[in-house]
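A quick write-up on the structure given underneath.
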Amino acid sequence: MLQPVELKDFFITFFASGIIIVSGALYALFYAFYHLKKIAVLNYLAYVSYFVLFISVLIITQTMHLDKIWTIVVIAMLVGYFLAPRGIWHLCVATHKEKGYEQK
Amino acid sequence: MTINQFNTQNLNVGQKLAIKYFSVAVVLFAAQILFGLIAGLQYLQPDLFYGVLDFNVNRTVHINAMIIWMLYGFIGASYWLLEDETGISIVGIKWGHFSFWLLTVAVIIVVLVYLFIQWGPGTDATIWFINEGREYIEAPRLADIGIVICMLIFFYNVAATVSKGKVTGITGVLTLDLVALAGLYLAGMFYTTNISLDQFWWWWVIHLWVEATWEVLVGCIMAWGLITTLGASRKIVTTWLYIEVALMFGAGILGLGHHYFWIGTPEYWFTVGGLFSALEPIPLVAMVVHAVYDSGKHGFKSNNHPAMAWLIAHAFGNFFGAGVWGFMHTLPQINLYTHGTQWTASHGHLAFFGAYATIIIAMFYFAVQKWRGGVTIRGDLVDSGWKWKWSLALLNIGVMGMTIALLISGYEQSQIERAIGGSTWLGYFQAQIHPWFVEGLVWRQIMGYITALGFILLVWDLLTIGKKEPLELESKVA
Ligand code: HEM
Ligand code: HEM
Ligand SMILES: [Fe+2]
């Protein structure tokens, strides 16, 4: 059902887990700033952040033995953290366009 | 209207009630810190107050005071924004005042019972009068019933006002959220002799409060705060609120499973709890996009800098405390080792402080501002605002410091006690005397004093800020 982390992998597991969430937020941050300011390097940084997230997810996949049914967690995280910020951005833009926006 | 002085004529009917709730909240916050410090000292000096004020009592007061002061803060915040949002005076406000006094008397009695009557055998009677025995919500059943009555009155005030006045996205979400919040409390009130069953329902209150209903409640406060202080568009903010509710509930409800790993519940909870709680930080991450969008479109202009600063602290605190610290120990493959160690306490401190204490402190600052007639409070106050800046810094450094110290102790426990010692008694004691553990707890105490210092400054500041400030010309004073 589940195979616990080995002692030697404790530190890397905690570290990579923390990095996943932090780089997820950085990705969201750069993504949003890029679309606001249109500075190309921000877009690049967004994808670098996501890449860091991707690698970190792979690391915990190894150390936490996320195989078999646990693959769902890996996929859900990779997809969820990638799509959610984009979705929110589109919603912000869509609501902005609508009439009555400046109603306060 | 009186400027610069605390005068309730500056407030609307709901806000007058709100400041009562806020005042008691500050007192209970003080109690939380005091008893936290005593409990922390007892880790270092186990015989301190032994038999007079035992650790279990101090711990109980510490965390129950926290839950109650935060509930007071939330109730106060709801009364505070209700009239602005609905455009009408609160329906049945007399009952609101009555329930404030009822609740406060109940709280005083419960605290006295915690302090003085916590020994002897547990019987049916003690469940009713002494202690119900569920961490965080230990109030005896009689007090529970009083709490439920007060919540019903509060809910009646909110629901009746909202249905009679203007229904906005914020008040709509708030009303529905309060139904869930109050309903969940009932899950922690009945008695069963089966410890697995007991824990199963108890987590409904604790987890579904802090990771679903409370998050949505502070989402409402944040939405209101963004609209009133930054002039953010109501449309964007409310749309965001709906999405946040969907994401929070979507991941948070079944994320409950991360508490069902080791209490005797079926094995499928491993995967369910792991999967959904791994997704719980998503709304916290996505919130970043929304913040960038709003600040980009409107800029950060505010006439209440301390409140703004605390709202920003809330965004970061929620992200790190709940998101990062939560995710680091949420998969069962690692939670096996961290479960119930100081790791948990590390996360608990940062999450509760970062997500909830911060935003209620922001509300306190909104409240004193209007209470003094709508003065401007910025970074360039007459005294340069050193009190609010220092208290902001000390409180955040203090709690962050405690969090890191506890993390080190917990990390050591997960290795020595769990992984190497195999969760045996021997492993437990070996971990308890290891230098990393002991020094971690010393540092927790030092950082606790810094937190306490920050709190004292905070209270001083709340009582004095805006006393000498001019009214800003364009700021609207209602
Ligand atoms: C603001 C939101 C949150 C608050 C206030 C909070 C607070 C707490 C507290 C106080 C505990 C200790 C409970 C006890 O006494 O046993 C706890 C446990 C836990 N929390 Fe959170 N939490 C929050 C969000 C999260 C999130 C988003 C996650 C996961 C991503 C998470 C994961 C966990 C886990 C796995 C435990 C169990 C620790 C153990 O096994 O001992 N929490 N939380
Ligand atoms: C001011 C200094 C503080 C000190 C010295 C302190 C100390 C303590 C101690 C000794 C415990 C018991 C831990 C155990 O049973 O092993 C505890 C638990 C707890 N404290 Fe504090 N505390 C402080 C401030 C705070 C603040 C500001 C918050 C949140 C707003 C907070 C939230 C909690 C929570 C949620 C728990 C339960 C944790 C768990 O069960 O894992 N404390 N604290
Ligand atoms: Fe939880």
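The values are calculated or read from the model by the stated rules, or taken from the named source; none is laboratory data. Computed from a predicted structure; not experimentally measured. Note that each Cβ is placed from the backbone with ideal geometry, even for glycine, and that neighbours are counted across all protein chains shown. For accessibility, only protein heavy atoms count, side chains too; no ligands or nucleic acids. Shrake-Rupley method; radii C 1.70, N 1.55, O 1.52, S 1.80 Å.
Structure above, values below:
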quantity	calculated
Threshold 30 Å² - residues in the range B:220-252 whose accessible area is reduced by that much or more when the chain is no longer isolated, probe 1.4 Å	B:233, B:234, B:235, B:236, B:239, B:243
Buried accessible area, chains B and A (both chains, 1.4 Å probe, Å² to nearest 100)	4300
Residue-normalised accessible area of the range B:200-332, given per residue in Å² at a 1.4 Å probe	28
Charge tally in the Cβ shell below 13 Å around residue B:215, where Lys, Arg are +1 and Asp, Glu are -1, residue B:215 excluded	-4
Partner aspartates and glutamates for residue B:468 [C-alpha distance under 14 Å; skip if fewer than 8 residues away on the same chain]	B:380, B:383
Surface per residue (accessible, 1.4 Å probe) for the range B:1-166, Å²	45
Convex hull (Cα only) mean projected area of the range B:1-166, reported in nm² to one decimal	11.5
Chain B, relative contact order in percent, only Cα pairs under 8 angstrom and at least six apart counted	16
Cα-only radius of gyration and Dmax that characterise chain A, units Å	17.4, 58
Formal net charge of residues neighbouring residue B:185 (Cβ-Cβ distance under 15 Å; K, R +1; D, E -1)	-3
Cα-centre dipole for the protein assembly as shown with unit charges at Cβ (Lys and Arg positive, Asp and Glu negative), debye to 20	1740
Loop-resident sites, the range A:1-64, for trypsin sites (Lys or Arg not before Pro), counting at most 16 other Cβ within 10 Å (DSSP)	A:38
Heavy-atom accessible area, 1.4 Å probe, ligands and nucleic acids excluded: residues of the range A:50-72 down by at least 50 Å² from chain alone	A:64, A:70
Lys, Arg +1 and Asp, Glu -1 on Cβ, resulting dipole of chain A about Cα centre, debye, nearest 20	460
Solvent-accessible area of residue B:247 with every protein chain in place, 1.4 Å probe, in Å² to the nearest 10	60
Reference-scaled alpha-carbon Rg (2.2 N^0.38 Å with N residues) for chain B	0.97
Rg ratio (alpha-carbon, reference 2.2 N^0.38 Å) - the protein assembly as shown	0.96
Solvent accessible area, Å² - residue B:316, 1.4 Å probe, full protein context	120
Gyration tensor (alpha-carbon) shape descriptor, the range B:1-83, a/c threshold 1.5	prolate
Of A:8/A:38; B:16/B:301; B:20/B:301; B:20/B:389; A:38/A:68; B:301/B:387, pairs whose Cα-Cα distance is over 32 Å	A:8/A:38; A:38/A:68
Estimated distance in nm for a label pair at residue A:65 and residue B:8, the labels positioned 7 Å out from Cα along Cα-to-Cβ	6.4
Accessible area per residue, Å², the range A:8-98 with all protein chains present, probe 1.4 Å	48
Accessible area (Å², 1.4 Å probe, nearest 10) - residue B:382	100
List A:1, B:151, ordered by accessible area with a 1.4 Å probe, largest first	A:1, B:151
Overall dimensions of the range B:370-428 as given by Cα atoms, namely Rg and Dmax in Å	21.9, 62
Rg followed by Dmax, in Å, when the range B:168-302 is reduced to its Cα trace	17.3, 57
Threshold 50 Å², the range B:315-331 residues less accessible with all protein chains present than alone (1.4 Å probe)	B:327, B:328, B:331
Apportionment of accessible area to carbon and sulfur, the protein assembly as shown, percent (1.4 Å)	72
Net charge contributed by nearby residues that have their C-beta within less than 15 Å of residue B:441 (K/R +1, D/E -1)	-1
